[in-house]
1. Return the residue satisfying two criteria in turn: it lies in region 79-98 and is under 26 Å from Ile744 (Cα atoms) and among the small types (Gly, Ala, Ser), and of such residues it is surrounded by the most Cβ atoms within 10 Å (Cβ to Cβ).
2. If we scan region 292-304, do we find a residue that is exposed (fewer than 12 other Cβ atoms within 10 Å of the Cβ) and not assigned by the TED database to the domain that holds Ser58?
3. Could you tell me which numbered condition Thr716 fails, if it satisfies all but one of (1) surrounded by 14 or more Cβ atoms within 10 Å (Cβ to Cβ); (2) within 18 Å of Gln552 (Cα to Cα)?
4. State all residues of region 50-78 that are crowded, with 20+ Cβ neighbours inside 10 Å and farther than 27 Å from Gln311 by Cα; if no residue qualifies, say none.
5. Take Ala631 and decide whether it is under 19 Å from Ser729 (Cβ atoms), crowded, with 20+ Cβ neighbours inside 10 Å, among the small types (Gly, Ala, Ser) and in contact with a strand residue (DSSP E or B) (Cβ under 7 Å, 6 or more places away or on another chain).
6. Conditions: (1) of a type in the set (Ser, Thr, Tyr); (2) crowded, with 17+ Cβ neighbours inside 10 Å; (3) free of Cβ contacts under 8 Å to residues at least 12 places away in the same chain. Ser520 meets all but one. Number of the miss?
7. Take Val695 and tell me if it is touching a Lys or Arg at 6+ places or on another chain (Cβ under 8 Å), closer than 14 Å to Ile675 by Cα and assigned by the TED database to the domain that holds Gly650.
Amino acid sequence: MMMNMGLLYAQKTGLVLSGGGAKGLAHIGLIKALEEEGIKIDYISGTSMGGIIGALYSMGYTADEMKLLVSSEEFLQWSTGTIERELQFTYKNNESNSAMINIDLTFKEEKPEEALPTHLISSAVMDFAIMQITCGETAAAGNDFDKLMIPFRCVAADIYNKKPVIFRKGNLGHAVRATMSYPLYFEPYIKDSIVLFDGGIYNNFPYDVLIDDFQPDFIIGSKVANKPERPHKDDIMLQLENMIMQPTSYEIPDSIGYVVDIKMENVDMLDFKKADSIIAKGYSVAKEQIKNFRNRVITESPEELSKRRKQFRAKIPDPVFRNIFIEGVKERQKEYITNLISQKDSLIGIEKLKEEYFKLVAEENIESVRPEAKYNHDKGTFDLYLNIKLKGAYTIEAGGLLGLTIYNQAYLGFNYYKMSDIYNRLSGNMYFGRNYTSFRISHRITVPQRKLLLIDMKLSGYSRNYFTSEITSLFETTVPAYITRKEGNLRTSFGVPMTNNSSIKAGLNFSWINDLYYKSIDFESMEEQDQTRYFYGTARLFFESNTLNRKQYYTEGSYLFAGIYYNLGFELYKEGAIDSLSQQEMYNQERGWLAFKLKSMSYYDLSKKLSLGSLVDIVISNKGLSNNYTATMIDAYKFEPTPISKTLFGYSLRANSYAAAGVIPIYNITTQLKIIGGLYLFSPILEIKKTENGVEYGKYYGDINAIGEICVVYHTSIGPVSAGINYFSDERQKLFIFLNFGYILFNKTGRE
């Protein structure tokens, strides 16, 4: 009897958790079932998602706490690389353009090499989350995985030496990060110059690691992985899985263990939104199969388990940081980064640290920021080490718009980055198309002093054609432009951030504008066009806040712009030869006016599938009239609520002062596929009227014009595919049907 009791208390049980992507969340349900049955787990090993769940359990998380974590919005953000809006440092965002492809260039031996993306998802969010979750537990265990609440092992893959790598000690967060680094999806983890990927490549069910390291008397296996499906030609992730995943045995000899096989259908690798049902499946299968090995393992009471958990958690220090150390960059670059995340207090809490971390992540020429927390036992605080990897100094961009009308355009751009004690960005772009051609050269300087200073200088020019038939066929080449506006401008601004996603700026703009146009839309192509030239200087002060989720076809976030503009210059008019080529009229006048602009957009979730957006756009000015009606309308402010409206001249959408508003209902079919509607109302505050003698102001609050849109948008990895219809109540052509791939975006003008 005493021998049996001694054997019983000496018996140890190991738990091995397989990889399997989102299916691995079923391990949580199995753990919950084991705890309810009082089955004591003495050792854990796992791979990939099994490594993540195993690490959480070894750190003292309960099954309910793990379920709460993986079902949270934060976990979905970690898995998709989505940065929460409050931490999106958009105050440094550059002007939106039509780029769809970005390629980093690095130079080796004076030859440029393309640095193509090696992963689909940024690991920045996941890296910080793992550090935040594991730093205290790593400190409590003294970097020894045997001293966690439950001794733990996980596996990564060394693809160069083609062997598994077992993590037994060190930084627990690094071990978790390595075991889950699925090729192409996440950036690999680097340890001692060795590139490590998901451990499932070589060992997706590491029960042998339990045997080698712990020699448990009994092993419980939780298997959620299946043999890879036959690859499809359009499924790159499935093709990759078949190429890299080595055959793994999921069988444990009956003499030493039992495998709980949790079979699941219709769960993809990244189906984390199904967390609740996946966990429930793991729980029900485990509950059913526990009877098959219940009498072969020892038990502990809930009180004993709770005591073990409390004893370990009592050792976990608070996540308070004293010093931040920058690694991986040159000294002057380190100076810039240090000033950018200036430490005002001697001690930093985790939330403030997160803000500083994502400030670095937002830097456009930083490729990755690898955080590591190291515990200082003498001071009782952590130090943060940030390993910075910079992008190449050069990037090139390409994109544009491809559709079924004449508004197709190509886009090319380049960027040059230089980080020293200040940051310089030199960029340029060009648009090519029948209705729009443009260039822009810009230089931004970022000075990271006590208050970050942003200095921008932009030189740009464009030529824009408007046609009488706004939906002219793609193959029509004989229709002349009814109106052509050519502009060159120099824009400068100085600004400081107000919050993570807002800034206030002041600047001076200078514009040279040449308008060529026919006064009548029913013109003869042999007629000479009238010409109006403007020379403006513009002083501006504006506030801008932006958390919108895309460059176009927004569905989340908000935008607010408020600005005051003072414009001063003169107008020069030359009349075309309407009656006689010799009869020409010259006219010039000084121009000066004050303008106030306000634009607000917000998007709200009504349910999982429905969202609603709102738009308010107001311009108030004391702008005078030009020499004639057409010239006045060309130079007036314009309301552009939809992408298609940006391509049209739109007499009914122009005024020197106006008020407009709209609602945007959105049906979210999937994350990428949306049905977007829009109903907008526009009214000039002071109507511009065409008269026999030219042009004059009419009544206040002129006719209300309606604009409607319904479209289907699919967001590919490089840009949107959109198809739909626009309606304009007061245009000659009221309906516009479109099918486009790409962006309808333009360089800014001198009065923006």
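1. Ser98
2. Taking every residue of region 292-304 in turn, none turns out to be exposed (fewer than 12 other Cβ atoms within 10 Å of the Cβ) and not assigned by the TED database to the domain that holds Ser58.
3. With (1) surrounded by 14 or more Cβ atoms within 10 Å (Cβ to Cβ); (2) within 18 Å of Gln552 (Cα to Cα) applied to Thr716, the lone miss is (1).
4. Correct list: Trp78 only.
5. No.
6. If we test Ser520 against (1) of a type in the set (Ser, Thr, Tyr); (2) crowded, with 17+ Cβ neighbours inside 10 Å; (3) free of Cβ contacts under 8 Å to residues at least 12 places away in the same chain, just (2) comes out false.
7. In short, no.
Residue-by-condition table, conditions (1) under 22 Å from Ser600 (Cβ atoms); (2) of a type in the set (Gly, Ala, Ser):
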{"position": "Leu653", "(1), (2)": "yes, no"}
{"position": "Gln672", "(1), (2)": "no, no"}
{"position": "Gly677", "(1), (2)": "yes, yes"}
{"position": "Asn693", "(1), (2)": "no, no"}
{"position": "Glu696", "(1), (2)": "no, no"}
{"position": "Ile710", "(1), (2)": "no, no"}
{"position": "Tyr714", "(1), (2)": "no, no"}
{"position": "Phe746", "(1), (2)": "yes, no"}
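The values are calculated or read from the model by the stated rules, or taken from the named source; none is laboratory data. Owing to the predicted nature of the structure, the values given are computational and were not obtained by experimental measurement. Methodologically, a virtual Cβ is constructed for each residue, glycine included, from the backbone with ideal geometry; neighbour enumeration extends over all protein chains shown.
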